[in-house]
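Asker: What follows is a structure written as structure tokens; I'll ask about it next.
The numbers here are math on the coordinates, done by the rules we state, and not lab data. Source: prediction; values computed, not measured. A quick note on method: Cβ atoms are made from the backbone with ideal geometry, for glycine too, and the neighbour counts reach across all protein chains shown.
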Amino acid sequence: MPVNMDFTTLPKIELFANLTDEELRQVLSACDEVKTSAGQSIITAGQTEQALYVVLEGAAEVDLEPARAGERVVAELSPGSVFGESSFFHASPHSATVKARTESRLLRLRRDTFDKLLQSGNVAALRIAANAATILASRLQAADHFIVELLEQIQDERVREALARFRSALSHPFSGTVRPSLQVGSMQ
């Protein structure tokens, strides 16, 4: 579905920061508008669709099923939130399900469409990639801080060993299916 947007709101969305009005038009012409009802799955864990989503209206949640560490909903997404970026840039199955909490209006940029923009030398596609890298880096830094705080609270040698294995794995290239593990073994 073609996207009809008010250009005053888009530059406030981090993914579209520093894009000119013309670049925003180019990006919007490459996107689809997706409307969802409350409870509808947008992304399903295990699927491999490569698409980048932006919440324009409504709300969504990142749902882990089955629950991990006693939690199912790990993030709530409000207007301006971006999701799907990990699988968009690194072809691998989605690790979580994203569901609409309310009726929602989303912007979807499919990877194959993005690739066509890149191949044509479209500057807007490069800026979106740079903005997405900033979003990913910010999320990774937040995760790093959380891990450090958690480790300060848990003084367990098995956790420190698992973290060392994880750090070692991060220094090696990833394939689409291999992920570093923090497997700690039985924690009693």
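Asker: So D112 fits all but one of (1) closer than 21 Å to A30 by Cβ; (2) surrounded by 14 or more Cβ atoms within 10 Å (Cβ to Cβ); (3) acidic (D, E); what number is the exception?
Answerer: Of the numbered conditions (1) closer than 21 Å to A30 by Cβ; (2) surrounded by 14 or more Cβ atoms within 10 Å (Cβ to Cβ); (3) acidic (D, E), the odd one out for D112 is (2).
Asker: Does L109 meet the test of being outside any loop (DSSP other than H, G, I, E, B), farther than 16 Å from Q40 by Cβ and among the aliphatic types (A, V, I, L, M)?
Answerer: The answer is yes for L109.
Asker: Then there is this: Consider region 24-59. How many of its residues are under 13 Å from L10 (Cα atoms) and assigned to a strand (DSSP E or B)?
Answerer: 4
Asker: Checking the condition of a type outside the set (K, R) and within 22 Å of Q119 (Cβ to Cβ), which residue from E61, E85 passes?
Answerer: E85
Asker: Still on this structure, please answer the following. With the requirement that a residue be closer than 21 Å to E33 by Cα and either touching a Leu at 6+ places or on another chain (Cβ under 6 Å) or not aliphatic (A, V, I, L, M) (or both), what does region 108-121 give you?
Answerer: Once the filter is applied, which keeps residues that are closer than 21 Å to E33 by Cα and either touching a Leu at 6+ places or on another chain (Cβ under 6 Å) or not aliphatic (A, V, I, L, M) (or both), region 108-121 yields R108, L109, R110, R111, D112, T113, F114, D115, K116.
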